[in-house]
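First up is the structure itself, then whatever we jot down about it.
The values are calculated or read from the model by the stated rules, or taken from the named source; none is laboratory data. In this text, all values refer to a predicted model and were calculated from it rather than measured experimentally. No Cβ is skipped: glycine too gets one built from the backbone with ideal geometry, and neighbour counts run over all protein chains shown. We work out accessible area using only protein heavy atoms, side chains counted, and drop any ligands, DNA or RNA first. Shrake-Rupley method; radii C 1.70, N 1.55, O 1.52, S 1.80 Å.
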Amino acid sequence: MKLKIGIIGAGVAGLASAVRMASRGHEVEVWEANAYPGGKLSEFQLGEYRFDAGPSLFTMPSYVETLFDIAGEKCEDHFAYHRLEVVCNYFWEDGTQLSAYADPEIFSEELHKKLGVPKGVFEKILKDSQRKYDIAGEIFLEKSLHKFSTWMQPKILKAMLLIPTLDLFTSMHMVNKRFYKNPKLVQLLNRYATYNGSNPYKAPGLLTVIPHFEYNIGAFIPKGGMNKITQAMFTLAQRKGVQFHFDKQVEEILVKNGHAEGIKVEGQSLEYDKVISNMDVYSTYKKLLPQAKHPERTLQQERSTSAVIFYWGIKKEFSELDVHNIIFSKDYKHEFEIMSDGNITDDPTVYINITKKYVPTDAPTGCENWFVMVNAPFNRDQDWDQLIARTRKNIIEKVNRILKINLENLIVQESLLDPRTIESRTSSHLGALYGSSSNNKMAAFMRHANFSSRIKDLYFCGGSVHPGGGIPLCLLSAKIVDEIINP
């Protein structure tokens, strides 16, 4: 049966939902408050420098390819990418540097040479990571945890028996120490908790599944930069007949007799058979469903971390840096402890992303576009101007020590994104990048479902609901919604 579907938000999950629904023959309209698609996954220009505004790491490209398959098109005709040979370059204050090669054997050799890690340890880590994915991937990532039918499938029931082996009740940090206690290797592995805005000293050990995505499958970069992911899905949706409305703020989800019947935009009521919200689930309830009963226990969960991002046009090139670079703090645990108090440490771990390494047009000749990010607490009305000024100073001093340069003199363009602007531009509650954190051992079960249990015909996708934040999980949230609407 052909349905008329209204989607609120043109973020990654909203675009993926639009493609899926239109490919099934449904009539689809997308309403977006901004003037552009992609949400956090967008781009902008500073003079001669181009920047991807948000997510900078591309994994699981098959999830994007699947959208083209569903739509009956060839992905390679519209979207190209390649695998990185070096996943990330790592730097420590004591002068240690190592390159995380995509080839696990070469990286294992690098770990042995630079950190003294015995050969074979990293292979064991990846084997355990893949084991967890093979057991739990379909349960926790590709299916609704909130449907009884999910738990009745024979494959799922069999996997349930293995849950005690998934380290759900052990912290990520303790699992990483189990393999080898070298503090630098543990710190390197702990950082994967930040991929969904969590604290590795609290988050469940199941998150050690993440290295499987990055090494066994690969880290990639789209030709032309990360925004090409958005553009590929956006134009695909358009070719499938999806209608987009930009600069249009949805004011309310219309509910009658327990059913979502449409939305209100600029005072006009629009009828739909199904409504899908790609807006942060907290904002969806508080702003668009003021009269509905809210799932307060779910909405009040601890927020994920946010970020302070400096976009710097740099008038120099650095051979020691790659696309992805990490300069670690001396005390990683303290960094997360102080963040939980709403502060940013004076010794932050600094992430530097430089797409110019693979996209030559992103900066002038001899120059680089630096996306410089530190983890930050969500917005609690801190004195952000003071925090940002102090953090900028600390970042520059740290980079100067590691690279032995005068960074301030090399910055010719600058822009800033912080928890306040993240919230205002993307409706992410309190500027939290990933909705709720995964610091609770039962976090996977506590994220909001992809449907409303109280309001029929209302569905949710995106990083603030199941299965979580980040491009791959947002794309999977759209898959789950599709399978619920079209069983």
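Structure summary
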item	result
Accessible surface, per residue, of the stretch 341-409 when the full set of protein chains is kept, probe 1.4 Å, Å²	41 Å²
Heavy-atom accessible area per residue - the stretch 11-165, 1.4 Å, Å²	45 Å²
Selected from 235, 411, 144, residue furthest toward positive end of dipole (the chain; charges at beta carbon)	144
Label assignment, log10 I(q)/I(0) by the Debye sum over Cα atoms at q = 0.07, 0.11, 0.12, 0.14 Å⁻¹ derived from the structure, set [x] -0.35, -0.92, -1.10, -1.52; [y] -0.39, -1.01, -1.20, -1.54; [z] -0.51, -1.07, -1.17, -1.31	[x]
Trypsin sites (Lys or Arg not before Pro) restricted to the stretch 304-340 and DSSP loop, no more than 15 other C-beta within 10 Å	315, 316, 330
Cβ-placed point charges (K, R +1; D, E -1), dipole of the chain about Cα centre in debye, nearest 20	1160 debye
Förster radius 51 Å - calculated FRET efficiency between residue 337 and residue 2 (Cβ-Cβ, nearest 0.05)	0.40
Share of carbon and sulfur in the accessible heavy-atom surface of the stretch 353-487 [1.4 Å probe, %]	52 percent
Extension reserve of the residue 119-residue 484 stretch, reckoned as 0.36 nm per residue once the Cα distance is removed	126.8 nm
Accessible surface, the stretch 234-284, averaged per residue in Å² (probe 1.4 Å)	48 Å²
Peptide ranges 228-236, 115-123 listed from the most packed, as the mean C-beta count within 10 angstrom indicates	228-236, 115-123
Positive-pole candidate from 154, 104, 225, dipole of the chain, charges at beta carbon	154
Angle between the chain longest axis and helix 227-239 axis [Cα atoms, degrees, rounded to 10]	20 degrees
Dipole moment magnitude, nearest 20 debye, the stretch 34-124 about Cα centre, only Lys, Arg, Asp, Glu C-beta charged	260 debye
Accessible-area composition of the stretch 171-320, carbon plus sulfur, in percent [1.4 Å probe]	45 percent
Within straight-line cross-link reach of residue 264, lysines at Cα separation under 29 Å, skipping those fewer than 8 residues along the same chain	2, 4, 40, 240, 248, 256, 274, 286, 287, 293, 456, 479
Shape call, the stretch 333-487: gyration tensor on alpha carbons, a/c limit 1.5	prolate
Long pairs among 127/155; 356/404; 184/223; 124/356; 181/393; 114/330, criterion Cα-Cα beyond 23 Å	184/223; 124/356; 181/393
Rg followed by Dmax, in Å, when the stretch 1-115 is reduced to its Cα trace	19.9, 64
Dipole moment magnitude, nearest 20 debye, the stretch 110-210 about Cα centre, only Lys, Arg, Asp, Glu C-beta charged	320 debye
Mean residue ellipticity (222 nm) of the chain, computed from DSSP H runs ≥ 4 via -39,500 (n - 2.57), nearest 500	-9500 deg cm²/dmol
